[in-house]
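Presented below is the structure to which this report refers.
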Amino acid sequence: MTHRVALAVPAVALIVACTGCGSSPSAPLTPTTTAATVTPSPKISTPAPQSPVNGQLASSLAAGLTASTATADISSYVVQYRFQVFNGAALTLDSGLLDTPAWTTTVALTPNASYTWRVRAESQGFAGAWSDAAAFTTPDAPPAYSGPIGNWQACAGLKAGALANCVWNTIKPHDSVGDLEVVKRVAWLLRSDGAGLLIKTGGDNVVLWQGYSFSASRVCFADGHIYKVISDAGPGGANLPGFADNDFVDRSLYVPAIDPSKP
C-alpha cells in the first residue's frame, strides 16, 4: 500500500507538468478591442474684418460689424461666426455663434468712445484663428425726442389698435425716436398682457434705449409674437399708428416693458 501511493503522486505531477507538451508556446492573451472612429479636424480659415476698420465712425451706437466669409476644408462642416468687441483690454460683447459674417451689437455702446473688435469662424466645436483686431469709434448719443408727449396715461384700458392710436395722438411722432416713444408706452400700458419691446440688431428704425437696440415700430410679447404699432416709420415716413400682426421672432429678442419715464 505504501509503495502504490508513492507511485501515484509522481504520476499526477507528471500529468500537470506536461500539460501542453508537444505544442508550440501560445502568445499571451490580450483583450479584444474595437478600433475607435476618429473624427477629422477641419482646417477653418480666418475671416477678415471689413467694416468698420481703421478707426471709422460707426453709423450708430449699435455698431454694425461685417467680415469676409470663411471656409472649412471638410465640406460637411458648416461654418459659423463669433464676434467680440473690446473697450481697451476688457471684453465688452460676445455675439455668440452666428450664421453670417455680420453682426450689429444688441447693447448700446458708449458715445464718443473707441472700440476694437475681432472675429473668428467655428464649426462643430472646432475654431479657426481670431482675426486681427479692427478699430472704430462711436458717434454722439441720439437726441431725445423733441415732440409733444401729452397725457398718454389716459389711454390705459383701451385695447390694441385703439390704444396705439390714442398714444400716438399724444406723442405725434415724426421720426424713429418719436416712434419708439409710442411703442414703449403702448408696451407699458399692455404689460399685464405680457407686452414688451423687441430687440432689433440691424436695419432701419433701430433706437438705442436702456442699453438695448430696439425696434422703433414694433411691440413684442413673451412668446415672440410681434405687432407693428407704427407703419411707414422713420424720418420722412408717415409714422402712422396701428396694431398689425407681424408674425413671430425668437423669444430671446423679447424684453419686458420698461417704464417709459426712464431716461
(request) Could you list, in sequence order, all residues of the stretch 206-237 that are without any contact (Cβ under 8 Å) to a residue 12 or more places away in the chain and under 19 Å from residue 162 (Cα atoms)? (result) 232
(request) Have a look at 157, 125, 203, 194 and point out the one that is under 28 Å from the mean Cα position of the chain (by Cα), over 27 Å from residue 56 (Cβ atoms) and without any contact (Cβ under 8 Å) to a residue 24 or more places away in the chain. (result) 125
(message) Out of 180, 198, I need the residue that is closer than 17 Å to residue 256 by Cα, touching a strand residue (DSSP E or B) at 6+ places or on another chain (Cβ under 8 Å) and either modelled with pLDDT under 95 or assigned to a helix (DSSP H, G or I) (or both). Which one?
(response) 180
(message) Restricting to the stretch 133-146, name every residue that is surrounded by fewer than 20 Cβ atoms within 10 Å (Cβ to Cβ) and in contact with a strand residue (DSSP E or B) (Cβ under 7 Å, 6 or more places away or on another chain).
(response) 133, 135, 137, 139, 142
(message) Checking the conditions here, which among 231, 217, 213 is of a type outside the set (D, E, K, R), in the same structural domain as residue 190 (by TED's automatic domain parsing) and loosely packed, with under 15 Cβ neighbours inside 10 Å?
(response) 231
(request) Tell me which residues, restricted to the stretch 176-187, are crowded, with 22+ Cβ neighbours inside 10 Å and out of contact with any Ser or Thr (no Cβ under 6 Å at 6 or more places or on another chain). (result) 176, 178, 180, 181, 182, 183, 184, 185, 186, 187
(request) Can you work out which of the residues in the stretch 43-62 that are surrounded by 19 or more Cβ atoms within 10 Å (Cβ to Cβ) and touching a Phe, Trp or Tyr at 6+ places or on another chain (Cβ under 6 Å) is modelled with the highest pLDDT? (result) 52
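The values are calculated or read from the model by the stated rules, or taken from the named source; none is laboratory data. A quick note: this is a predicted structure, and the numbers were derived from the prediction, not measured. Glycine also receives a Cβ, built like all others from the backbone with ideal geometry; neighbour counts cover every protein chain displayed.
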